[in-house]
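Trainee: This is the structure, below, for whatever I ask next.
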Amino acid sequence: MDKKKLGYWLFFIALFLGPLYLTEFRLALMGKFLCFAIVALGICLIWGYTGILSLGHGVYFGLGAYCTAMYLKLEAANGQLPDFMEWSGVSALPAFWVPFSNPIFAIGASLLIPALIAAILGFLTFKNRIKGVYFSLISQAVVVVFVTLFVAKQDWTGGTNGLTNFTTFLGFSLASPLVQIALYMMTVIILGASFALAAALTNSRVGRVLSAVRDGENRVRFLGFNPTSYKVFVYSLSAALAGLAGTLFVLQVGLISPAMMGIIPSIEMVLWAAVGGRHSLIGAILGAVIVNSAKSFFSEAYPDIWSIFLGLLFIIVVMFLPNGIVGAFESWNEKREKAKRKGGTADAADSVVS
Amino acid sequence: MTVLGKFWSKQTIIAAISAATLALSGCAASNALNEEDGAAADSSDTVKVGVLHSLSGTMAISEVSLRDAELMAIEEINEAGGVLGKQIEPIVEDGASDWPTFAEKAKKLLQKDEVAAVFGGWTSASRKAMLPVFEQNNGLLWYPVQYEGMESSPNIFYTGATTNQQIVPSVTWLLENKGKSFFLIGSDYVFPRTANKEIKAQLEAEGGTLVGEEYTPLGHTDYGTLISKIKAEKPEVIYNTLNGDSNVAFFKQLKDAGITADDVTVLSVSIAEEEIRGIGTDILTGHYAAWNYFQTTDTPENEKFVAAYKEAYGDDRVTGDSIEAAYMAVYLWAAAAEKAGSFDVDAVKEAAGGIEFNAPGGKVTIDGDNQHTYKTVRVGEIQADGQFKEVWNSGEPVKPDPYLETYPWAEGLN
Amino acid sequence: MAVVITQLFNGISLGSILLLIALGLAITFGLMNVINMAHGEFIMAGAYTTYVVQQAFSHYVPAALFNYYYIVAIPLSFLIGALLGFVLEKTLIRFLYHRPLDSLLATWGVSLILQQVARSIFGAPNVAVTAPAWLDSGLTIAGAVLPYKRLFIIALVTICMVTLYLYLDKTAAGRKMRAVTMNRSMASSLGVSTKKVDATAFAIGSGLAGIAGCALTVLGPIGSTIGTYYIVDAFMIVILGGIGSLIGTVFGALSVGMLGTVAEFWSGASMAKVIVFVAIIAFLQFKPAGLLSARTRSLE
């Protein structure tokens, strides 16, 4: 028990000390990847633990990012209309933009709005017992709706360009390396806190019900639980995590556009969890970092054909590492230990397959 | 064993940590490696520049050719002895049609590779994503595509046309030669919406009428309904700001609906020689486009340019406006660096104003105030061989005016 | 009047195009429950096959026969699509029948690879296909022009539907296919080779995507990313129609086509897209099993 905790502490401390051994550029990349890791944690909760595959988390990530970006945009505009509104022919700030000039409201909204939308959507679909593949595809339809709306309402959202060109956050210049380092460390702390929260949740009674819902929803229902409320809860929680990640993303990357809430990013989010190990929270974090590092590396080294490597990576993981990198380490370790104990070969019958 | 049990096993932790350390050390190692490279390069006689276009994803259709043109210009300059005695070393990156990737790669080129300049971008969204990166790192971006104006960053040079070098004169030409009633169609994004807002103000001021304005989502492929709206309104002119693939579907279906260039004039601002080949010349013959350069533009520089481009990339390749603007951007940067006597960004910016260059499309001059270029405006009719026949040009290079400050009707647009 | 006829026709035409795209998915996804994200890339393969056939005709065949290239391209697109599908089934899908969500992720990787391969072979820019002359112009009814190309696609999709129906209902192989999709273990114990049936079914579904790609060349662009334009719509239509019901897919495609056209006429293309997708999501809340679906009393 102690060794486990020590391991986690070491891992997060190593991340926290990133500024000591990473260059400015690599640190910015890592900060971005850690935002993605928070999304992956949420995906892991709903997919790995509860068996809900959402292909629409880009929407929640994007909504969270937009909330904070609206605040940043207003701060950059310095009391005037944001630039894109001017050239879209808007003469006064739309009413729903006004409260976002308050940073606390904006950041609060970046968690609550995704959670609320997820709760409404989740309540309807889960109550109607839409699950599995159907839910996944409906969540894609939701992506199409949001992306099309955000692109079309250019005068409110900045259209395809999105919101960008921010200057300060709470008065601190976003361009300053020190502010970026502080934001990076904040990301690590929030990631660690989210991880602790998710771990506590999965270890609790609620967490066990969630796993039970994944393995046999109807049995859970017959036992007197209401799977809908559990599912709605965990789905909203994971949407809030995605929104939080969006906030951190926009602070560090300085940009949010509808393309980032689209179908391709939404599927990639699931792939992070799949590559790392969908049943493992730490796996989700590793997956987000590894997949995105691989993407950066391949595209820097082979700008012409890198997507082939990325495609191969996904195929290999699904075919040969169904439980991701962490799952593969586990079963390898198990086999070794069993072999040690019994002097025989291990069978993989108890590997978890959903 | 339960999932939870598995999760908490000691081995997981060890595995996880070793993997994480690996990933991190990989990051750091590649860093160290590259920094050594950087140091080595500095002492040698090369200067690094970035080439940042989408080589994958939906925008690869258009952007790959710009990379080709830029690499060709770099090679030509190197063969002629380089810039300030140094050979140019291009570092190619893929923006992957994804705006944060553009920002990420721009940051990488500026911070890690420490390039002297970056040539890149196509969509406005990619430029807007890169803009803060270039401003914060005091980098230099050369952006080679016509765009909607309303921008003038101190760290960007715009070698494509702004609206008063393409759209405004072409609308005037249409009003004088083709008809007064306009139907505006465009893809649903920033360039068409901004351009159409300007066109509407101009129509009002110059005596045109607007009979319809429609936008379709990017990647839209069914134009049946839009075409029946056009039929119902019977415009004399369709002003087309559709983007990429949508053009193919629109023109194919327009022809099928029995509407030809004789019935209504379509003038496009996103269709160059390369796009014509993707749509089919039989469908486009007789329609118009407004640009600053055509492959058929008659200058001695262009003859050389087209021949060199075909020699480098194959006889079946064609040039086009943005390709020419990308090509000339490299030369303009090199000339500015020569004049400044240094690759320092501020020195190059300072020296760039007033620099002249005989580009394939005619003489261009950098405007020191807004960092756009003076360019000749041309309207061309598409011929059966997929090339343009120039039917009008502005005679002399037009001064860039990204905010349309010299047009009274544009007041209140920005 | 002409506008009403044109719009009615546009609705049916859009429906027929969507149906052609979704028909292959109705088999691989609707009957076999495999989520094949590379379906769009099979459409792309069909489109490029048409391009290659056209190039071959313009180089090696007398000009007088050029207009018949399309007759060759249709079956060839089917074969290429089917071949790709067959290979994909044999190498990937068959290991993932019990993990439908994993097949989604693996085929997403396949789709990335196929797009890049197409870019490497044919170049990044779009290629042009000249439609055969006999599809030019259109039929004029009461002032409305009905383009022959759109009429041709309606005819093509009708032929595909009828052939598919006859195959599934009247041939032994088709009946086996339905038996396997209804109850795999029962069919297997009655001596049906499920492996063979799976591979055949997947190949047929993929071949239909190839035909769709061939048909789309006359209306739209031909490039490495065209598959991505259609894939989400196609999945929506299959679940809207009801998994496992081909007739449901027909109704799904036609209603999406009609609704999309009407909505676009009254508002604009972007809002129409939003309206259609919201309508689908809302409809599935009331009828999660889709328009038409096999009635079942089973719980899961």
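The values are calculated or read from the model by the stated rules, or taken from the named source; none is laboratory data. Treat the numbers as computed from the prediction; the structure is a model and nothing was measured. FYI the Cβ positions are ideal-geometry reconstructions off the backbone, even for glycines, and counts take in every protein chain you see. We work out accessible area using only protein heavy atoms, side chains counted, and drop any ligands, DNA or RNA first. Shrake-Rupley method; radii C 1.70, N 1.55, O 1.52, S 1.80 Å.
Trainee: Quickly run through region B:168-209 and pick out the residues that are in a loop (DSSP other than H, G, I, E, B) and among the aromatic types (Phe, Trp, Tyr).
Mentor: Passing the criteria: only B:Tyr189.
Trainee: Go through region B:311-365 and count every residue that is free of Cβ contacts under 8 Å to residues at least 24 places away in the same chain and in contact with a Gly (Cβ under 7 Å, 6 or more places away or on another chain).
Mentor: Going through region B:311-365 one residue at a time, the tally reaches 2.
Trainee: Oh, and also: Among the numbered criteria (1) farther than 16 Å from C:Gly220 by Cα; (2) assigned to a helix (DSSP H, G or I); (3) among the β-branched types (Val, Ile, Thr), which single criterion is violated by C:Ile17?
Mentor: The single condition C:Ile17 does not satisfy is (1).
Trainee: So how many residues does region A:150-168 have that are open to solvent by 20 Å² or more (accessible area, probe 1.4 Å) and more than 7 Å from every other protein chain (Cβ to nearest Cβ)?
Mentor: Within region A:150-168, residues that are open to solvent by 20 Å² or more (accessible area, probe 1.4 Å) and more than 7 Å from every other protein chain (Cβ to nearest Cβ) number 6.
Trainee: Right, something else. Against the definition (away from every other protein chain (no Cβ under 11 Å), under 24 Å from C:Phe251 (Cα atoms), aliphatic (A, V, I, L, M) and open to solvent by 10 Å² or more (accessible area, probe 1.4 Å)), how does C:Leu20 come out, yes or no?
Mentor: For C:Leu20, the condition - away from every other protein chain (no Cβ under 11 Å), under 24 Å from C:Phe251 (Cα atoms), aliphatic (A, V, I, L, M) and open to solvent by 10 Å² or more (accessible area, probe 1.4 Å) - is not met.
Trainee: Between B:Ala96, B:Ala125, which is under 18 Å from A:Phe25 (Cβ atoms), touching a residue at least 12 places away in the same chain (Cβ under 8 Å) and among the hydrophobic types (A, V, I, L, M, F, W, C)?
Mentor: Details: B:Ala125 fails: under 18 Å from A:Phe25 (Cβ atoms).
After applying the criteria, what remains is B:Ala96.
Trainee: Mind checking which residues of region B:226-244 are open to solvent by less than 20 Å² (accessible area, probe 1.4 Å), assigned to a helix (DSSP H, G or I) and either in contact with a strand residue (DSSP E or B) (Cβ under 9 Å, 6 or more places away or on another chain) or not assigned by TED's automatic domain parsing to the domain that holds B:Leu284 (or both)?
Mentor: Those that are open to solvent by less than 20 Å² (accessible area, probe 1.4 Å), assigned to a helix (DSSP H, G or I) and either in contact with a strand residue (DSSP E or B) (Cβ under 9 Å, 6 or more places away or on another chain) or not assigned by TED's automatic domain parsing to the domain that holds B:Leu284 (or both): B:Leu226, B:Ser228, B:Ile230.
Trainee: List the number of the failed condition for B:Val269; all other conditions in (1) within 19 Å of B:His220 (Cβ to Cβ); (2) within 13 Å of chain C (Cβ to nearest Cβ) hold.
Mentor: Exception for B:Val269: condition (2).
Trainee: If I filter region A:268-277 for residues that are among the charged types (D, E, K, R) and either within 26 Å of A:Met185 (Cβ to Cβ) or modelled with pLDDT of 95 or more (or both), do I get at least one hit?
Mentor: Yes, some residue in region A:268-277 is among the charged types (D, E, K, R) and either within 26 Å of A:Met185 (Cβ to Cβ) or modelled with pLDDT of 95 or more (or both).
Trainee: Additional query: List the residue pairs whose Cβ atoms are under 6 Å apart, where the first residue sits in region B:199-214 and is within 20 Å of B:Glu148 (Cα to Cα), the second is in a helix (DSSP H, G or I) and β-branched (Val, Ile, Thr), and the two are 6 or more positions apart or on different chains.
Mentor: Here the result reads B:Ile199/B:Val171; B:Gln202/B:Val171, each pair linking region B:199-214 to a residue that is in a helix (DSSP H, G or I) and β-branched (Val, Ile, Thr).
Trainee: Another question, then. Anything in region B:373-394 that is within 15 Å of B:Asn164 (Cβ to Cβ), open to solvent by less than 40 Å² (accessible area, probe 1.4 Å) and of a type outside the set (A, V, I, L, M, F, W, C)? List them, or say none.
Mentor: B:Thr373, B:Lys375, B:Thr376, B:Arg378, B:Ser394 - these are the residues of region B:373-394 that are within 15 Å of B:Asn164 (Cβ to Cβ), open to solvent by less than 40 Å² (accessible area, probe 1.4 Å) and of a type outside the set (A, V, I, L, M, F, W, C).
Trainee: Here's something else I'd like to know. Being hydrophobic (A, V, I, L, M, F, W, C), within 30 Å of B:Asp282 (Cβ to Cβ) and within 18 Å of the chain's Cα centre (by Cα), is that true of even one residue in region B:382-405?
Mentor: No, there is no match, as no residue in region B:382-405 is hydrophobic (A, V, I, L, M, F, W, C), within 30 Å of B:Asp282 (Cβ to Cβ) and within 18 Å of the chain's Cα centre (by Cα).
Trainee: Same structure again: State which residue pairs qualify: first residue within 14 Å of chain C (Cβ to nearest Cβ) and in contact (Cβ under 8 Å) with a residue 24 or more places away in the chain and inside region A:198-219, second residue assigned to a helix (DSSP H, G or I) and hydroxyl-bearing (Ser, Thr, Tyr) in any location, beta carbons under 8 Å apart, and separation of 6 or more residues or different chains.
Mentor: So the pair list comes out as A:Val213/A:Tyr230; A:Arg214/A:Tyr49.
Trainee: Only one residue in C:Val34, C:Val3 is in contact with a Ser or Thr (Cβ under 7 Å, 6 or more places away or on another chain), at pLDDT below 90 and open to solvent by 10 Å² or more (accessible area, probe 1.4 Å), so which one is that?
Mentor: The match here is C:Val3.
Trainee: Would you confirm whether or not region C:96-106 contains a residue that is acidic (Asp, Glu) and either more than 10 Å from chain B (Cβ to nearest Cβ) or assigned to a helix (DSSP H, G or I) (or both)?
Mentor: Yes, because at least one residue in region C:96-106 is acidic (Asp, Glu) and either more than 10 Å from chain B (Cβ to nearest Cβ) or assigned to a helix (DSSP H, G or I) (or both).
Trainee: Applying the selection to region B:74-111, what residues are open to solvent by less than 40 Å² (accessible area, probe 1.4 Å), polar (S, T, N, Q) and facing chain A (nearest Cβ under 9 Å)?
Mentor: B:Ser97, B:Thr101
Trainee: Further question: List the helices (runs of 4 or more DSSP H) that sit entirely inside region A:35-149 and contain at least 3 residues that are modelled with pLDDT of 95 or more and either open to solvent by less than 50 Å² (accessible area, probe 1.4 Å) or more than 30 Å from A:Ala212 (Cβ to Cβ) (or both).
Mentor: A:57-77, A:103-127
Trainee: Output the residue which, of all residues in region C:128-155 that are among the aromatic types (Phe, Trp, Tyr) and touching a residue at least 60 places away in the same chain (Cβ under 8 Å), is nearest to the other protein chains (Cβ to nearest Cβ).
Mentor: Just the residues of region C:128-155 that are among the aromatic types (Phe, Trp, Tyr), to begin with: C:134, C:148, C:152.
Remaining after also requiring touching a residue at least 60 places away in the same chain (Cβ under 8 Å): C:134, C:152.
Values: C:Trp134: 13, C:Phe152: 11 Å.
Across region C:128-155, the extreme among qualifying residues is C:Phe152.
Trainee: What are the residues in region C:98-109 that are in contact (Cβ under 8 Å) with a residue 60 or more places away in the chain and open to solvent by 20 Å² or more (accessible area, probe 1.4 Å), if any?
Mentor: C:Pro100, C:Leu101, C:Trp108
Trainee: Any residue in region B:129-149 that is under 24 Å from B:Lys399 (Cβ atoms), of a type outside the set (A, V, I, L, M) and open to solvent by 10 Å² or more (accessible area, probe 1.4 Å)?
Mentor: The answer is yes; a qualifying residue exists.
Trainee: Can I ask one more? If a residue has to be within 12 Å of chain B (Cβ to nearest Cβ), modelled with pLDDT of 50 or more and surrounded by fewer than 14 Cβ atoms within 10 Å (Cβ to Cβ) to count, how many in region A:329-354 make the cut?
Mentor: 3
Trainee: State whether one or more residues within region C:117-127 are surrounded by 23 or more Cβ atoms within 10 Å (Cβ to Cβ), among the β-branched types (Val, Ile, Thr), touching a residue at least 40 places away in the same chain (Cβ under 8 Å) and within 30 Å of B:Val64 (Cα to Cα).
Mentor: no
Trainee: Any residue at all in region B:247-266 that is more than 14 Å from chain C (Cβ to nearest Cβ) and under 24 Å from the mean Cα position of the chain (by Cα)?
Mentor: Among the residues of region B:247-266, at least one is more than 14 Å from chain C (Cβ to nearest Cβ) and under 24 Å from the mean Cα position of the chain (by Cα), which makes the answer yes.
Trainee: Kindly check whether there is at least one residue in region A:319-326 that is out of contact with any Leu (no Cβ under 6 Å at 6 or more places or on another chain) and more than 13 Å from chain C (Cβ to nearest Cβ). Lay out the reasoning, then the answer.
Mentor: Quick first cut of region A:319-326, residues out of contact with any Leu (no Cβ under 6 Å at 6 or more places or on another chain) only: A:319-326.
Still in the running and more than 13 Å from chain C (Cβ to nearest Cβ): A:325-326.
Looking for residues that are out of contact with any Leu (no Cβ under 6 Å at 6 or more places or on another chain) and more than 13 Å from chain C (Cβ to nearest Cβ), one finds at least one in region A:319-326, hence yes.
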